[in-house]
1. If the reach is capped at under 16 angstrom between alpha carbons, list the lysines near LYS36, excluding any in the same chain fewer than eight residues apart.
2. Enumerate the lysines that LYS66 could reach by cross-link, defined here as Cα to Cα under 22 Å, with residues fewer than 8 away along the same chain left out.
3. Tell me, in nm to one decimal, what length is gained between CYS38 and THR58 on full extension, where the rule is 0.36 nm per residue of separation less the Cα-Cα distance?
4. Return the long-range amide H neighbours of ARG23 (sequence gap of 5 or more, or a different chain), with a cut-off of under 5 Å between placed amide H atoms.
Amino acid sequence: MITHSFTLESSFYGYDFGEDEHRLFTPKEYGEVGSKFCQSIYELHFLWKSIRNELKLTNGWLKPRKLIEITGVPAAQILSEEL
């Protein structure tokens, strides 16, 4: 049984967002993305038991408060604070 499936997609060209419009990614940046992706999977491995128990208790609903308690600050919040 497959419980988790991940796809990591990226443009080879870069992106056209914000001040760095049409900026190309560097090999170092691709390495950082890969490293953070692997770190996320590693952390999920240790958090999954707690998440699974919460999902059982709530019939599949993971409450935002509990999600933040388990995983920390949401990525969207971090990004909005950086911008």
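1. Partners found: LYS28.
2. Cross-link targets: LYS49, LYS56.
3. The CYS38-THR58 span can extend by a further 4.3 nm.
4. Close amide H contacts, sequence-distant or interchain: TYR15, PHE17.
Laboratory data are not the source of any read-out in this text; all were calculated from the coordinates shown. All values derive from a computational prediction rather than experimental measurement.
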